[in-house]
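The values are calculated or read from the model by the stated rules, or taken from the named source; none is laboratory data. Note that the coordinates shown come from a computational prediction; the quantities given were computed from them, not determined experimentally. Using ideal geometry, Cβ is built from the backbone for each residue, glycine included, and neighbour counts are taken over all protein chains shown.
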Amino acid sequence: MASIPPTSAPNPDATATPLPIGIADAHRAKKARTGATGEEHATPDKANELERTQRKEPNRRPPPLIGPQPIRYIAPLPARTSRPQNEMALPIHLYKPDDFNGLPTAVDENPHIGSTRQGEKPELPKLTYTCFADVEFHATHIPDFKMRGNVNEEQLASLDALGTRLLYVVLHGGGQRFLKRAPEKVKEVKDFLQSLSFECHEGAKPELDVIAPIAKNPSDRKRFGQPWTLFLVLGEEEHALRKYLLWQQVFSVHPTLSFSIFESAPGQPWPIMVLTGAEGAVVDSPEAKKQVLAAIKKKLWSNLDYCIYAAGLVAAYWGAAGNMATLARMSTDSLDIKCVRAELSGSEKLVPAYLVVAKPPTTDRGEYQRWSNFFTAPGEYWRELYQLKVNAATVDCKLCKDASHCACDCPLPTTLGWQGPTATDIYQKEQEDLAHAATSTTAPTQQAAELWRTNPKKGERGRKAASPKKKGSQSGRKDSRPIRR
Ligand SMILES: [Zn+2]
């Protein structure tokens, strides 16, 4: 007889092998839960969890509404702040960009607004006759980085060893091409300077030398390209001459021998950017200028990166104390704007422009560039309906090399007694362009011809563009016909 297996025995009390206590309990619990639904595969752990959650689950059903209910006032939740906490500290939330009370600051420190012959009058040289304009001029300011632009590194290193004996000579209207075509100017400058003798020289010539710059990248493609600086090396004892040269600064002898003398000017420039736009965008009124300044400040004050960076510079270089918003605002307190004429990039066409200036909060070149990049990065600013493009034009004097005006507005040639070159002398090309523009705009029929008839550039371009393909493909019949003829 086959005995019945114990596992299928209907009677649990039969002589089955008893399970250990723990396993038996779990088995019993599982059987109680899954017996009805048939979830035989649920593990004990999952089953326990399910049981626990079911037990803790609150009853989601609302209590039944029986009888009249009292009016319940639902208080509104407090409004969530729309800005992250760190942006609350931005100056834009604490100060008004269009508040110009007491601004701009540091106006007197702007190096572009002074004049020559400042300070105590030095000993004057013994002039047998005055061959240069012996008067006061508008002072030019050129920072070192610009003075030494495109000069060979080895030469600069040797010059640095000279200390205060080194002065810079900037030829008016000079440039790499000027020095290449007229190398004799170096000797002429030296001869002129040696004619300035003082008591201490006892009739002899001062001890000095004038050295031409060696270009880092030689190219005379640009007429006024750097380097345009000559280096004046004074003798050990030439203190009187040095003082006088820096006091007078400007020596205009004749149109091709005219120059200014400078000592080293570490530091960064005040002009930051040039803004130009369509006709009507640049207006020389206090209201319009304030609108532009407010637009710039609004942009910067909303930029957390700018505020952190500028605040650090202001604290480090100006020794100012305060929170980030205060220091960042201080970095723009000297912000000012000037209406000037600028030259469109790539040409010498003059356009009205806003020149934005501010006291640089650093003397380091790299830091300055990063700081000023925050101003130029937006690419444009808006004054009401007018778009103002950033640096689509330049303000840079080809004559005296100052960056606060163009040569056509250079204050040197307008000074009484000026004997040096004028903007007309150095801008031959512009004159030709203007003459061409004058003839091309007088006759409306000629204008029309230029616009529609004699200017069918599409067709011209099409033919010109097709010509390289002829060589490449040679598959079109039209191309082959002229060749057969
Ligand atoms: Zn100038």
TODO: Go through the range 392-424 and count every residue that is buried (at least 17 other Cβ atoms within 10 Å of the Cβ) and more than 14 Å from the ligand (Cβ to nearest atom).
DONE: 2
TODO: Inspect the range 266-273 for any residue being farther than 28 Å from Pro413 by Cβ and either surrounded by 15 or more Cβ atoms within 10 Å (Cβ to Cβ) or modelled with pLDDT under 95 (or both) and give the result as yes or no.
DONE: yes
Open item on the list: Every residue in the range 373-406 that is under 17 Å from Ala353 (Cβ atoms) and in a helix (DSSP H, G or I), please.
Closed with: Phe375, Thr376
Task: Set Arg383, Arg341: member being over 13 Å from Ile272 (Cα atoms) and buried (at least 20 other Cβ atoms within 10 Å of the Cβ) - done: Arg383
- [ ] Considering only the range 136-161, state which residues are surrounded by 13 or more Cβ atoms within 10 Å (Cβ to Cβ), more than 16 Å from the ligand (Cβ to nearest atom) and assigned to a loop (DSSP other than H, G, I, E, B).
- [x] Arg148, Gly149, Asn150, Asn152
Task: Hits in the range 407-421 - residues which are over 16 Å from Pro352 (Cα atoms) and either part of a helix (DSSP H, G or I) or touching a residue at least 40 places away in the same chain (Cβ under 8 Å) (or both) - done: Pro411, Leu412, Thr415, Leu416, Gly417, Trp418, Gln419, Gly420, Pro421
- [ ] With respect to Ala182, determine if the residue is farther than 19 Å from Pro413 by Cβ and in contact with a Pro (Cβ under 7 Å, 6 or more places away or on another chain).
- [x] no
